[in-house]
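*Asks:* Okay, handing you the structure first.
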Amino acid sequence: MKNPMDRQLEKQLSDRAVAIGREGNVAAFDELLVLLKSSSANARRLAASALGKLAWMGVDQAAAVAALGPVARSDPHAQTRQYAIRALKAYGAAAKDCLPDFRDMAVNPYEKYYIRRDAAAAVAFIEEALRVAAAAAQYRCQRCNSVLTAEEFARSQQAFQRPYCDRCFDEVFLSRRNFETQVELNKTIEARDGTVVQSAGERTIADWLTARGIAYRYDAKYRIIGEFQIRPDFYLPELDVYIEYWGLNTPQYKMSMYKKQVLYQQEGKRLISVYPADLPRLDTLLRTKLQLFGYHC
Ligand SMILES: [Zn+2]
């Protein structure tokens, strides 16, 4: 039996792990590595989850992977293992040494179903990240000939199927995007108020805003967030709220999505993420989220 002091300490450690992840507190990275070795299974589980959230925020990826690996393999608590697997997945190519273990877990009938499922998902994601990294190694920026990082390659491929470094990407993105993605993909859909959007999901969001008289700018211009230029799907100037519709589900898209979401979070921007599965309950979702930001509709 645990005495009350143990419970209180356990709660403190767990709350601390959650807070570090939620705040994207990169400075507390080492603290998470310590929490990952806590005697509390719940604190270990939440520390693993938080490490996953920091994966794209410039932390020591090798150190995180080295710490999470043994937890994913052999923590006595199955759910802690599951969270470690999910966290390692977020590290993408950096977690490549975990692939053999994850492949085994995915087909091991003695594993819990959620371990098999999440191990299989991690294998797919890490393999795709490795493919992207390998492809990037062969590419130079089409404009300035600099060697591309995997992330630069993924980002520019995602946007317009051309290899560009981040600097060239930002310089050409604005003019390219209209011609090469919107027009070529022929995905132009008109919302009720005449705004031309790129998907049925975006149209649903635009129509929802129009119906409630909420002013929005769709894909209008770059906004500088941190040191990056970002083009939000929707920006609500009266509420200072961003809405992004994450409409695709490919690993490459998801990687750039995580990166963008972290950026919003780091800069303290008010972001509402909408996924395709949210569309049937869009009204509830947007009303609830906007209420959190003090807007009632
Ligand atoms: Zn370049």
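*Asks:* Using a Debye calculation, one point per C-alpha and no hydration shell, please list log10 I(q)/I(0) for the stretch 189-292 at q = 0.10, 0.13, 0.19 Å⁻¹ in order.
*Replies:* Log-scaled intensity ratios, in q order: -0.26, -0.45, -1.01.
*Asks:* To continue, here is another question. For the stretch 4-134, what relative contact order do you get, as a whole percent, if you take Cα pairs closer than 8 Å and at least 6 residues apart?
*Replies:* Working: 183 pairs, mean separation 25.8, N = 131.
Dividing the mean separation by the residue count of the stretch 4-134 yields 20 percent.
*Asks:* Classify the stretch 4-134 as rounded, prolate or oblate from the Cα gyration tensor: take a ≥ b ≥ c as the square roots of its eigenvalues, call it rounded if a/c is under 1.5, otherwise prolate when a/b beats b/c and oblate if not.
*Replies:* Numbers: a/c = 2.50, a/b = 1.33, b/c = 1.87.
Oblate.
*Asks:* Let me ask something else. May I ask for the angle, rounded to the nearest 10°, between helix 166-176 and the longest principal axis of the chain, with both axes built from Cα atoms and the value confined to 0 to 90°?
*Replies:* For 166-176 against the chain, the angle is about 40 degrees.
*Asks:* What order, most packed first, do the peptides 51-60, 97-106 have when packing is the mean number of other Cβ atoms within 10 Å of each residue? Intermediate results must be reported in sequence, preceding the final value.
*Replies:* Details: 51-60: 20.2, 97-106: 17.7.
The packing order, highest mean first, is 51-60, 97-106.
*Asks:* Within 11 Å, Cβ to Cβ, of Leu239, how many net charges do the neighbouring residues add up to if Lys/Arg are +1 and Asp/Glu are -1? Don't jump to the answer; show the numbers that get you there.
*Replies:* Working: positive: Arg270, Lys289; negative: Glu238, Asp240.
Value of the local net charge: 0.
*Asks:* Now for a separate question. Compute the signed sum of charges (Lys and Arg +1, Asp and Glu -1) over the other residues within less than 12 Å, Cβ to Cβ, of Val18. Present the calculation step by step, with values, prior to reporting the outcome.
*Replies:* Details: positive: Lys11, Arg16, Arg22, Arg45, Lys53; negative: Asp15, Glu23.
Spelling it out: positives minus negatives among the neighbours equals +3.
*Asks:* Stretch Arg231-Leu282 to full length: gain in nm at 0.36 nm per residue minus the Cα-Cα span? Present the calculation step by step, with values, prior to reporting the outcome.
*Replies:* Details: separation 51, 0.36 × 51 = 18.36 nm, distance 2.20 nm.
The span from Arg231 to Leu282 would gain 16.2 nm if fully extended.
*Asks:* Continuing with this model, one more query. Would you mind giving the three semi-axes, in whole Å and largest first, of the ellipsoid equivalent to the chain according to its Cα gyration tensor?
*Replies:* With the √(5λ) rule applied to the chain, the semi-axes are 35, 26, 18 Å.
*Asks:* Can you tell me the FRET efficiency between Gln79 and Arg143 if r is taken as the Cβ-Cβ distance and R0 is 51 Å, rounded to the nearest 0.05?
*Replies:* Details: r = 48 Å, r/R0 = 0.93.
Working from the Cβ atoms, E equals 0.60.
*Asks:* What dipole magnitude, in Debye to the nearest 20, does the chain give about its Cα centre under +1 on Lys/Arg Cβ and -1 on Asp/Glu Cβ? Before the final figure, lay out the partial values.
*Replies:* Values: 42 positive and 35 negative charges, 83 e Å.
Rounded to the nearest 20 debye, it is 400 debye.
*Asks:* So, R0 is 30 Å and r is the distance between the beta-carbons of Asp60 and Gln12; what FRET efficiency does that work out to, to 0.05? Please list the in-between numbers first.
*Replies:* Values: r = 25 Å, r/R0 = 0.84.
Once the sixth-power term is evaluated, E becomes 0.75.
*Asks:* Can you tell me the length gained on complete extension of the stretch Arg103 to Glu31, counting 0.36 nm per residue apart and subtracting the Cα distance? Spell out each step's value before the answer.
*Replies:* Numbers: separation 72, 0.36 × 72 = 25.92 nm, distance 2.98 nm.
Separation in residues times 0.36 nm, less the Cα-Cα distance, equals 22.9 nm.
*Asks:* Also: Given the pairs Lys112/Lys259; Lys89/Lys260; Lys37/Lys269; Lys260/Lys289, which are separated by over 28 angstrom at their Cα positions? Can you show the working numbers first?
*Replies:* Working: Lys112/Lys259 30 Å; Lys89/Lys260 17 Å; Lys37/Lys269 33 Å; Lys260/Lys289 19 Å.
Distance filter (> 28 Å) returns Lys112/Lys259; Lys37/Lys269.
A short reminder: the numbers here are calculations on the coordinates, not readings from a lab. Note that this is a predicted model, so its numbers are computed, not measured. Quick reminder, even Gly has a Cβ in these numbers, built from the backbone with ideal geometry, and neighbours come from all protein chains shown.
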